[in-house]
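Asks: A single structure is presented below for examination.
Rule-based calculations on the coordinates, nothing more; no lab input. What you are looking at is a predicted structure, and each value in this text was computed from that prediction instead of being measured. Neighbour counts run over all protein chains shown; Cβ positions are idealised from the backbone, glycine included.
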Amino acid sequence: MDYRFAGRMSRFSSSAVRDILKWTQGKDVISFAGGLPAEEWFPKQALEDAFSRLFSEGTGRELQYGLTEGFPPLKELLVKRMDAIGIGCSVREMILTTGSQQAIDLTARILLEDGDTVLTENPTYLAALQVFQSAGASVRGINRDEHGIDPQLLEQAILEHRPKLLYVIPTFANPTGAVWSLERRRTVLELCRKHNVLILEDDPYGELLFEEGSRPPTLMALSGAAADSPVIYTSTFSKTVVPALRTGWAVADERIIAQLAKAKQAADLHSSCLDQQALYRLLLTFDLDGHIARLRQVYRERMETMVDCLKDPVWQEVRFEQPQGGMFLWLELPEGDDAAAFFPAAIQEGVAFVPGDGFFTEGGNGRSIRLNYSHSRPEVIREGMERLQRAYLRYKQQIPV
Ligand code: PMP
């Protein structure tokens, strides 16, 4: 059979992270590759209780089709949580999605036509690049400095390419863990307002901050209110409750939400309302903020363990910034090193990471790597980092694998 796939399927390749996850499955490999939360901290019992209450108290209606925009009581609860971080919105300015991944996908569907330009940070979240590429957009990455995306490069690119969309992760980015300064947030917001460029602000990690009170305001909060905002904001319960619920949300002007809902009807009618109802029941009794506070401590300890391992002289030429939150550590190997060539040595020693080039729009310098610290317990991190160290020495000595 001659399978005639759509041209857009060849515009992007399967994610390097997914491929690494596939290779390492079932092997004795400590993986710092995936962006996975800590399983032992999943609120399993509370979820089990929520689902069982949903079934035992339900009438059967909870199993019926639901609304495209999402289960209203969960949205009302989320509106309050948004208000607590300075995002003023109503339930009509919000849609629940199948993870924040779908919010990215739907945004691309409602905005992009073949040949439109999307600007992103460089490097940025790989699966967002895949969405924009598959939508036929031309994706241009803007480099960053220590305060965030470079505003001069951004304005130049806006003037040159007239993009419809700027996709950013201003707080604890994937893959770099970096945070934009407050001033940079204001500057970028003003630039985009001035040039009529919509911003998609992806904020899955904002709650995972290590220092109490250090969470900077979101671009959406700085823009005033959802009504007439130049920002579409998206976040998710994947990192704070569990990813398996596949529940995320987007906040935007009502006109945008209406378009997102139309695109969502075509995609899946609605996300699982069973999961949304269970999540709502969970949140009625479960102390989510207390849980997030514990996660912050757990992740901070894991990050510090990994950073501590990097103090070994083996790593003295490797550059990195200690993250203030999120799930990733971004390393830059010294001049002359090649992360892709280091990778097989790491797998040979039983540890995985993601070579950084895939996160760049036009390929990186070949020397960056992303390490995830949230998924492994501190003792596993120590063991994994010892393996990584052995692998690095092996790579440096050019011992064939
Ligand atoms: N955005 C970013 C930056 C991410 O890292 C992820 C998950 N790794 C997502 C969006 C998607 O998350 P989810 O669909 O589980 O909400």
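Asks: Contour minus end-to-end for residue 301 and residue 40, with contour as 0.36 nm per residue of separation and end-to-end as the Cα-Cα distance?
Replies: 92.5 nm
Asks: Okay, next question. With each run of n ≥ 4 DSSP H residues scored as -39500 (n - 2.57), what mean residue ellipticity at 222 nm is computed for the chain after dividing by its residue count and rounding to the nearest 500 deg cm²/dmol? Walk me through the intermediate numbers first.
Replies: Working: 13 runs with 166 residues, N = 401.
Value at 222 nm, helices only, nearest 500: -13000 deg cm²/dmol.
Asks: Going by how many other beta carbons lie within 10 Å of each one, how would you line up 362, 332, fewest first?
Replies: Working: 362 9, 332 18.
Starting with the residue having the fewest Cβ neighbours, the order is 362, 332.
Asks: Need one number: % antiparallel among DSSP beta bridges in the chain, to the nearest 5. Walk me through the intermediate numbers first.
Replies: Numbers: 21 of 40 bridges.
About 50 percent, rounded to the nearest 5.
Asks: Got the relative contact order for the range 44-285 handy, in percent, Cα pairs under 8 Å and 6 or more residues apart? Please report the intermediate quantities before stating the final value.
Replies: Numbers: 421 pairs, mean separation 70.1, N = 242.
Taking the mean separation of contacting Cα pairs over the length of the range 44-285, I get 29 percent.
Asks: Checking a compactness column here: for the chain, what do you get for Rg(Cα) / (2.2 N^0.38 Å), N being the number of residues?
Replies: Numbers: Rg = 21.3 Å, N = 401, 2.2 N^0.38 = 21.5 Å.
It is 0.99.
Asks: Report, in debye and to the nearest 20, how large the dipole of the range 44-285 comes out about its Cα centre when Lys and Arg carry +1 and Asp and Glu carry -1 on their Cβ. Working shown, then result.
Replies: On the way: 24 positive and 31 negative charges, 72 e Å.
Using Cβ point charges on Lys, Arg, Asp and Glu, the range 44-285 gives about 340 debye.
Asks: If you average the alpha carbon positions of the range 298-344 and of the range 228-284, how far apart do those two centres end up, in angstrom?
Replies: Each part reduced to its Cα centre gives a spacing of 34 Å.
Asks: Pairs of alpha-carbon atoms within less than 8 angstrom and 6+ residues apart define the contacts here; what relative contact order does the range 243-401 have, in percent?
Replies: On the way: 156 pairs, mean separation 33.9, N = 159.
RCO, the range 243-401: 21 percent.
Asks: Separate question: Would you work out which of 96, 85, 133 lies farthest towards the positive end of the dipole of the range 44-285, given +1 charges on the beta-carbon of Lys and Arg and -1 on that of Asp and Glu, about the Cα centre?
Replies: 96
Asks: Just list whichever of 164/239; 27/239; 164/194 have alpha carbons separated by over 23 Å in the model shown.
Replies: Details: 164/239 29 Å; 27/239 25 Å; 164/194 13 Å.
In this structure, 164/239; 27/239 lie more than 23 Å apart at Cα.
Asks: Another question about this same structure. So, by mean Cβ neighbours within 10 angstrom, what's the order for 238-245, 333-340 with the highest one leading?
Replies: Details: 238-245: 19.1, 333-340: 15.1.
Highest-to-lowest ranking by the protection proxy: 238-245, 333-340.
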